[in-house]
């Protein structure tokens, strides 16, 4: 009973890879340590209510049938129809940069790129042409050059846009939506993120992340794939430089030809027997977050807030970095799922606020202090978020929050690094034959990027002439 | 399978992997990707389904032979001669 492939982690990339391999007729199992699937994009229950993690928006939104774009390709590959996803498009979103207590720059955008152009024109008329030249010069999904990968996005933006505050404003959403590095990213990554968020757009599957995960699981099992929950992998077994199988937490050994790991770069190395990396290892990502989800007694729309997502910076310099303090309320994301144009709203409206946080702080606390610090951090976050949105606190029926400690515990990602290691392995290759990386550390971000990562590596596995999978 | 059945077999595979495409008017001698939206990853899927449904292996160097429906029939004819047609998407 030997598997063609074992996949570590039932997140987006693992399930997508599993579907592809199962479709190819391979004997494949997805091994998940936890009792819930989804990884970074998951859901859980508290006090009879369902909460979700990850997914604030599905980026890369395009209408059904749009050719040559990531969403269409992915759905085709997974054999999921666009209709089945029931995508509710955003109303509109914004990036806000506060310069002083009475001056905030707000860049608005929607799924119509013209809206962003108009917003740039309103804010900085003299920069409109430069902005348009910048958009035209953005690297595409697959034609980024080596120079694009090593050039700073900020530096490239400044070549087109002279106004530094506009550069700052243009960095906020792409950084928040998926940079594993602090403050800046490469021009190649910027191209992908800008296209995904601003040129294509944002939507949310009706029913949220759970609905999308249900679809993936259904497809995987329909193709004959095996989903093994509570099957954490304790070690990847190998001999003479080649993978032979895995050992589960309970000691069971499973044999296989190939392992696809979504555990992350240093995490996967540790499973192969490399000594555990130090906390300050530069390959461990520094970006983690505290997030609070507030169930409200009325919709944000009823409270005068019609924006789907607000990416904000409460300081002139956008503080996208690991803070020295427990949490950095001056940089945040405010998401209102009920502000997607949905015909099937969630049973109760809620809002999520997410801010960068210090992993070391949250993992060093005892239980009593942890609970108290969480309340403190969340109060500060909500106060800051309200100044960019609507009065949240008077309308909270119930709230739940999580910290870098929670993220690390449930995803296994060292440092609670939501976007993984700053060092990406784009080709997924490792030093071991038969072991490949999928997911965050393959360098694709967001739900669509994660799905694409699983698909592309699985496709290569199936194609590989010497892959031993035929 | 007859040549007509092979055409049907290919169309059924395409209908499985690309349910939104209209396949009624496909020309035999025009490249498939000029008639419908198919990229190289979709092509891989066609090859995968051929293997799964009929046990036919198409080596990578022969992929070009499958560019048109006529090419498919010519190339797959001998390989599918003794196989029975499998329909999943187009049945009924």
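Can you give me the relative contact order of segment A:130-225 as a percent, contacts being Cα pairs under 8 Å and 6 or more apart? Walk me through the numbers on the way to the answer.
Values: 69 pairs, mean separation 30.3, N = 96.
Reported as a whole number, the value is 32 percent.
Suppose each label sits 7 Å from its Cα in the direction of the beta carbon; what would the residue A:68-residue B:5 distance come out to in nanometres?
According to this spin-label approximation, the distance is 4.0 nm.
Per-residue ellipticity at 222 nm for chain B, helices alone: DSSP H runs ≥ 4 residues times -39500 (n - 2.57), over residue total, nearest 500 deg cm²/dmol?
Taking each H run of at least 4 residues, the total per residue is -15500 deg cm²/dmol.
Sort the following peptides by mean Cβ neighbour count (other Cβ atoms within 10 Å, averaged over residues), highest first: A:44-57, A:261-274.
A:261-274, A:44-57
Just counting partner chain Cβ atoms within 10 Å, what average do the residues of peptide A:65-77 show around their Cβ?
Neighbouring Cβ atoms belonging to other protein chains average 3 per residue here.
Please label the shape of segment A:1-103 as rounded, prolate or oblate, based on the square roots a ≥ b ≥ c of the eigenvalues of the alpha-carbon gyration tensor (a/c under 1.5 means rounded; beyond that, a/b larger than b/c means prolate, else oblate).
Oblate, since a/c reaches 1.5 and b/c is not below a/b.
In nm, what is the difference between 0.36 nm times the number of residues separating residue A:44 and residue A:247 and their Cα-Cα distance?
Going from the current span to full extension adds 70.3 nm.
Could you tell me whether segment A:195-283 comes out rounded, prolate or oblate from its Cα gyration tensor? Rule is a ≥ b ≥ c as square roots of the eigenvalues, rounded for a/c under 1.5, then prolate if a/b exceeds b/c, otherwise oblate.
oblate
Could you line up A:447, B:73 from fewest to most neighbouring Cβ atoms inside 10 Å?
B:73, A:447
Mean residue ellipticity at 222 nm from the helices of chain A, using -39,500 (n - 2.57) per DSSP H segment of n ≥ 4 over the full residue count, to the nearest 500 deg cm²/dmol?
So the helix-based figure for chain A works out to -10000 deg cm²/dmol.
So, R0 is 41 Å and r is the distance between the beta-carbons of residue A:102 and residue A:425; what FRET efficiency does that work out to, to 0.05?
0.30
Please give the contour-minus-distance gain from residue B:74 to residue B:33: 0.36 nm per residue of separation, less the Cα-Cα distance, rounded to one decimal in nm. Don't skip to the answer; put the middle values down first.
Numbers: separation 41, 0.36 × 41 = 14.76 nm, distance 1.80 nm.
Full extension from residue B:74 to residue B:33 adds 13.0 nm.
Within 10 Å of each Cβ of B:32-39, how many other protein chain Cβ atoms are there on average?
2
Roughly how many Å is it from the Cα centre of segment A:364-392 to that of segment A:138-159, as a whole number?
Rounded to whole Å, the Cα centres lie 37 Å apart.
Quick check on segment A:109-163: take the gyration tensor over C-alpha atoms, sort the square-rooted eigenvalues as a ≥ b ≥ c, and tell me if it's rounded (a/c under 1.5), prolate or oblate.
oblate
Comparing B:45, B:34, B:74, which has the greatest mean-square fluctuation in the GNM of chain B with Cα pairs linked when under 10 Å apart?
Greatest mean-square fluctuation among the candidates belongs to B:34.
Mind jotting down the distance between the C-alpha centroids of segment A:291-336 and segment A:445-459, whole Å?
Here the two parts' Cα centres lie 28 Å apart.
For the protein assembly as shown, build the convex hull from the C-alpha positions and give me its volume per residue in Å³. It would help to have the intermediate numbers written out before the result.
On the way: hull volume 93.0 nm³, N = 562.
Enclosed volume per residue, from the Cα hull, is 166 Å³.
As a footprinting exposure proxy, order A:398, A:289 by other Cβ within 10 Å, with the fewest listed first.
By the 10 Å Cβ count, ascending, the order reads A:398, A:289.
Antiparallel as a % of all DSSP beta bridges within the protein assembly as shown, to the nearest 5?
70 percent
Taking neighbour counts of Cβ atoms within 10 Å as a proxy for exposure, in what order, fewest first, do A:42, A:101 appear?
A:101, A:42
Using Cα pairs under 8 angstrom and six or more residues apart, how large is the relative contact order of segment A:241-297, in percent?
Over segment A:241-297, the number comes to 19 percent.
Along Cα→Cβ, 7 Å out, is where each label goes; now give me the distance between the ones at residue B:41 and residue A:221 in nm to one decimal.
2.5 nm
Each value in this text was obtained by applying a stated rule to the coordinates, not by laboratory testing. Here the structure is a predicted model, which is why all the values come from computation and not from measurement. Methodologically, a virtual Cβ is constructed for each residue, glycine included, from the backbone with ideal geometry; neighbour enumeration extends over all protein chains shown.
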